[in-house]
Amino acid sequence: MRFTVHNRLGLFLTAAMLLPVVLILMGCDGDAKKAGDDLSQRKINVVTTTGMITDAVKNIGGERVSVNGLMGPGVDPHLYKASAGDVGRMQSADIIFYNGLHLEGAMAELFEKMARTTRTVAVADGIPAERLVSPPQFEGMHDPHVWFDVTLWMDVVRHIEKILAESDTVHAGVYHVNAAAYLARLAELDASIREQVQTVPQNSRVIITAHDAFNYMGRAYGFEVRGLQGISTATEAGTRDVQELAMFIVERKIPAIFVESSVPRRTVEALQAAVEARGFAVAIGGELFSDAMGDPGTPEGTYIGMVEHNIHTIVHALIGEKK
Ligand SMILES: [Zn+2]
């Protein structure tokens with residue numbers, strides 16, 4: 001009798017404990033169905049963060065993808081917080097592509113949560129770790145601004161191609177052909193940057209901006225790089241940083257410094273004023289696109305156009321040509 005009661009109780013408890021498990025499994029099954037539905041039969045619904053990633057996915061996915069880019073022109077990815085609408089878009093996506101390496105600093109938890117139900121890919125994972133840099137001011141973290149070394153961005157393009165081809169094997173050939181064509185254009189872009197840099201005197205090959213977005217560009221194409229803010233725009237430049245950099249500009253007679261489209265102009269203007277106070281004139285050499293691209297429909301609204309704009313702006317200002 002005692003055993004029977006015990007057994008019944010046991011049975012009840014077992015059933016009660018299993019119920020949530022069964023419900024969870026059913027839930028998983030529902031999500032698995034969504035993830036496993038035949039993507040070859042319809043466009044793949046992709047959500048991306050930065051404009052650079054949006055552009056890469058459009059180039060590789062072509063007609064096969066519908067891309068929803070969350071961060072428009074002038075948006076700073078370090079500070080960007082997802083809106084309720086963004087979360088909804090991510091929840092109904094088949095694949096989410098983000099930069100990673102802590103670029104989207106305020107969205108890390110959200111990506112973790114999304115990864116439980118949706119394929120969530122950091123595109124920087126396509127880059128071999130030994131090609132990433134960790135400048136001292138980044139406090140042990142990798143620099144996330146990988147897109148300004150075009151050869152690193154080519155690794156990213158290959159990674160996106162691989163993920164799309166895995167998700168939609170029927171059209172793998174399409175992604176391969178599209179990626180190959182885009183990679184050829186990127187190889188041309190890389191070669192063209194190397195040529196243009198040769199026109200700048202060695203001593204003037206210095207890029208000075210508001211935040212450290214150009215380390216990879218500096219390493220790839222032979223520029224010294226100085227920024228006023230560290231890893232992220234989340235920290236404001238201090239007065240001491242401004243004075244130190246001003247001294248460097250005066251000593252090296254650097255002709256131009258640059259503003260960035262996604263960082264307030266005042267930081268660089270403060271630097272220019274500090275240089276002037278030391279009796280030297282440094283020009284603001286123009287606006288660079290760092291963490292966001294230009295307006296859609298303009299040349300700078302594409303990754304290739306944005307990089308071309310930057311290199312023209314930098315080269316012309318550093319060889320002292322009038323804007
Ligand atoms: Zn940045």
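Distances between placed amide hydrogens fall under 5 Å for residue 70 paired with 48, 49, all partners being 5 or more residues away or on another chain. Backbone amide hydrogens, once placed in the peptide plane, bring residue 120 within less than 5 Å of 96, excluding anything fewer than 5 places away on its chain. Evaluated with a Cβ-only charge set (Lys, Arg +1; Asp, Glu -1), segment 39-194 carries a dipole of roughly 500 debye about its Cα centre, given to the nearest 20.
Once backbone amide H atoms are built at 1.01 Å from N, residue 206 has 224 as its partners under 5 Å, excluding neighbours fewer than 5 places away on the same chain.
In whole Å and largest first, what semi-axes does the C-alpha gyration tensor of segment 39-194 yield when each eigenvalue is scaled by 5 and square-rooted? Kindly include the intermediate steps, with their values, before the conclusion.
Numbers: eigenvalues 106, 95, 35 Å².
Working through the eigenvalues yields semi-axes of 23, 22, 13 Å.
Kirkwood hydrodynamic radius computed over the chain comes to 21.8 Å, based on all pairs of distinct alpha carbons.
Note down the magnitude of the dipole of the chain about its Cα centre, charges +1 on Lys and Arg C-beta and -1 on Asp and Glu C-beta and zero elsewhere, to the nearest 20 debye.
Working: 29 positive and 39 negative charges, 127 e Å.
So the magnitude is around 620 debye.
Taking 0.36 nm per residue of separation and subtracting the Cα-Cα distance, full extension of the segment from residue 181 to residue 130 would add 15.7 nm. Across the options 165, 189, 78, the greatest Cα extent toward the positive end of the charge dipole of segment 39-194 (unit charges at beta carbon of Lys, Arg, Asp, Glu) belongs to 165.
Scalar couplings 3J(HN,Hα) for segment 308-313, obtained by applying the Karplus form with A = 6.51, B = -1.76, C = 1.60 to θ = phi - 60°, are 4, 4, 4, 5, 4, 4 Hz; x denotes Gly and Pro. Compared with the dominant Cα axis of the chain, that is its longest principal axis, helix 266-277 is turned about 20°. Here the Karplus relation 6.51 cos²θ - 1.76 cosθ + 1.60, evaluated at θ = phi - 60°, turns the backbone of segment 185-201 into coupling constants of 5, 5, 5, 5, 4, 4, 5, 5, 4, 4, 5, 5, 5, 4, 7, 8, x Hz, with x for every Gly and Pro.
Taken over segment 198-318, the ratio of Cα radius of gyration to 2.2 N^0.38 Å equals 1.01. Compared with the direct C-alpha span, the chain from residue 266 to residue 251 gains 3.1 nm at full extension, assuming 0.36 nm per residue. Note the angle between two axes, namely the Cα long axis of helix 239-252 and the longest principal axis of the Cα atoms of the chain, as a number of degrees from 0 to 90, rounded to the nearest 10. Result, in degrees: 50. Considering only 217, 294, 304, the residue lying farthest towards the positive end of the dipole of segment 198-318 is 217, judged by Cα position with unit charges set on Cβ.
Centroid-to-centroid, using Cα positions, segment 79-117 and segment 122-168 are 17 Å apart. Lys-Lys pairs in the chain that are eight or more residues apart or on separate chains and whose Cα atoms lie under 20 Å of each other come to 10.
Relative contact order for segment 39-194 using alpha-carbon pairs under 8 Å, separation at least 6, rounded to a whole percent?
Numbers: 218 pairs, mean separation 37.3, N = 156.
Worked out over segment 39-194, it gives 24 percent.
For the pair residue 276 and residue 84, the difference between a 0.36 nm per residue extended length and the Cα-Cα distance amounts to 64.5 nm.
Run through all the Cα pairs of segment 77-130 and give the fraction in each 5 Å bin from 0, expressed as whole percent. With 5 Å bins starting at 0, P(r) equals 4, 19, 31, 27, 13, 4, 2, 0.
Can you tell me the relative contact order of the chain? Whole percent, Cα pairs under 8 Å, sequence separation 6 or more. Write out the running numbers ahead of the final one.
Values: 498 pairs, mean separation 54.3, N = 323.
Result for the chain is 17 percent.
Coordinate-derived values only; no laboratory data. None of the values given here were measured: they were computed from a predicted structure. Cβ coordinates were reconstructed from backbone atoms using ideal geometry, including for glycine residues, and neighbour counts include every protein chain displayed.
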